[in-house]
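Written out below as structure tokens is the structure these notes cover.
The values are calculated or read from the model by the stated rules, or taken from the named source; none is laboratory data. For clarity, every value in this text was computed on a predicted model and none was experimentally measured. In this analysis, Cβ positions are derived from the backbone assuming ideal geometry, glycine residues included, and neighbour counts consider all displayed protein chains. Please note that ligands, DNA and RNA were not included when accessible areas were found on the heavy atoms of the full protein model with its side chains. Shrake-Rupley method; radii C 1.70, N 1.55, O 1.52, S 1.80 Å.
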Amino acid sequence: MIPEVERHILLNPGPATTTDSVKRSLVVADICPREKEFADLVTSIRKDLPKVVSADSKHTAVLFSGSGTAATEACLSSVISPQQSVLIINNGSYCERMSKICDVHKIKHIDFKIEWGCPINLEALEKFIIEHRSAISHMACVHHETSTGILNPLDKLAQLASKYNLQLIVDAMSSYAGLPIDYNQEKIDYLISSANKCLQGMAGISFVICRYDSLKQIKDLPPKSFYLGLWNNFLFQENTKQFQFTPPVQVMYSLRKALDEFFAETQEIRTERYFSCYNTLVEGIQSLGLKFFVEKQFHSKILTTFVAPEHPNFNFEKLHDFLLESNITIYPGKLLDKKTFRIANIGDITPKDIEFFLSRMKIFFKREQLLPNS
Ligand SMILES: *Cc1c(COP(=O)(O)O)cnc(C)c1O
């Protein structure tokens, strides 16, 4: 009934390659999302999303129709009162996005700026927090900065937030379900992610996992957004088991499937699989003479930024098109001043796929005479 579809290897940083079973789970009988069957689906997903980060009944997940940024905007625009302000740790494009969201909503923020791709100097950060302590109430950070592939030290950042009594907002978009996160141990207040990255589902749903005690504190804040109000959406989902507005119905079924497959694979094995893809990747790509943009010890092992060869023969578009002929998709860097490209190793892929990618890279580099000493 459902036609076979070609398998594509997506090495862009999400949406990621999905399993055939997740793709097939999109095909369901038409259903009105106000029916009990769908309400049960919503409830089961809201219950299971926190489990991925070992959160429990003290936490709740609020779902949003939309890509990851919808949940980020919902969270930031909902949890910081007009009297409060947020410290944003800014070392990449997704941190920058949080600043821009705050600007749009006129939320007071103070940015701790670090050069993109560079690790956070924790001592300097602590000094900065002390200096601004009386002005800030929240701290926002990106766990895995997908624009460069640097992994920020969530445990250390959470310790600082806790020490200075700041509520912690974490964009864990591209680490959730890929790397182990312990919500309780890290004392996170709000964790944001979406269905289509390491969870290996389809794009269209994003969510905020909230510490219930923190969430309750915002109930009287005037909403800044009608559609994306965190409290209103929470209340509606809690009371009716439905979305307030029309959800992407089929995407929800595929999210259920993706969650089932995550729990069947387990976090441990998924992380191991991603890391072995990363190991295969860096070993192979270094033999092509390419250099890392981020120092190796800070790699997320989920996405790696490579500095493009200086060689006049190198043309990213040409490489992209060549790989696409073999059903492999890669993505350019996000840096303005330096030519880079990024390879993500998330989704339903194995080291075999990475080996295939490397073999195609080698052919291209040979053909274009880009290999070292050629
Ligand atoms: C993907 C991603 C987002 C959200 O991007 P969308 O295009 O809205 O899905 C936000 N933060 C990080 C770190 C991401 O990797």
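Points worth noting:
- Value of D in µm² per second that Stokes-Einstein yields for the chain, Kirkwood Rh from Cα pairs, at 10 °C (1.306 mPa s): 74 µm²/s
- Reciprocal mean inverse distance between Cα atoms of the stretch 274-353 - Kirkwood radius, Å: 13.3 Å
- Selection from Ile129, Leu370, Ala61, by position along the positive dipole direction of the chain (Cβ): Ile129
- Sorting the segments 322-328, 188-194, 216-222 by their residues' average number of neighbouring beta-carbon atoms within 10 angstrom, most packed first, yields 188-194, 322-328, 216-222.
- The chain, relative contact order in percent, only Cα pairs under 8 angstrom and at least six apart counted: 25 percent
- Cross-link partners of Lys296 among aspartates and glutamates (Cα-Cα below 15 Å; sequence separation of 8 or more within a chain): Glu145, Glu283
- Using a probe of 1.4 Å on the protein chains alone, the accessible area found for Arg7 is around 110 Å².
- Surface exposure of the stretch 12-67, expressed per residue as accessible area with a 1.4 Å probe, stands at 44 Å².
- Structure note, pairs Lys108/Lys224; Lys58/Lys108; Lys291/Lys352; Lys197/Lys301; Lys106/Lys224; Lys197/Lys362: Cα-Cα distances above 20 angstrom occur for Lys58/Lys108; Lys291/Lys352; Lys197/Lys362.
- Extension gain, His311 back to Thr329 (0.36 nm per residue minus Cα-Cα distance, nm): 4.3 nm
- Annotation note: chymotrypsin sites (Phe, Trp or Tyr not before Pro) in the stretch 211-250 located in DSSP loop regions with a Cβ neighbour count of at most 10 within 10 Å are Phe226.
- For the stretch 1-147, the calculated P(r) over all alpha carbon pairs, in 10 Å bins from 0 to the bin holding the longest distance, is 9, 26, 31, 21, 10, 2, 0 percent.
- About the centre of its Cα atoms, the stretch 196-316 shows a dipole size close to 300 debye [charges on the beta carbon of Lys, Arg (+1) and Asp, Glu (-1) only; nearest 20 debye].
- Cβ-Cβ distance of Lys36 and Val5, R₀ of 30 Å, FRET efficiency by 1/(1 + (r/R0)^6): the value works out to about 0.40.
- Working from Cα pairs under 8 Å separated by at least six residues, relative contact order for the stretch 249-374 is 30 percent.
- Ranking Gln167, Gln185, Pro33 by Cα position along the charge dipole of the chain, where only Lys, Arg, Asp and Glu carry charges on their C-beta atoms, puts Gln167 farthest toward the positive end.
- When the Cα atoms of the stretch 219-357 are aligned to their principal axes, the ranges along those axes come out at 59, 38, 33 Å in descending order.
- Share of carbon and sulfur in the accessible heavy-atom surface of the chain [1.4 Å probe, %]: 52 percent
- Debye intensity ratio I(q)/I(0), log10, the stretch 154-229, q values 0.13, 0.14 Å⁻¹ (C-alpha model): -0.46, -0.53
- Its alpha carbons give the stretch 8-48 an Rg and a Dmax of 13.9, 38 Å.
- Average accessible surface area per residue within the stretch 132-256, 1.4 Å rolling probe, Å²: 34 Å²
- Note on Val104 and Asn165: with the Förster distance fixed at 25 Å, the Cβ-Cβ geometry gives a FRET efficiency of about 0.35.
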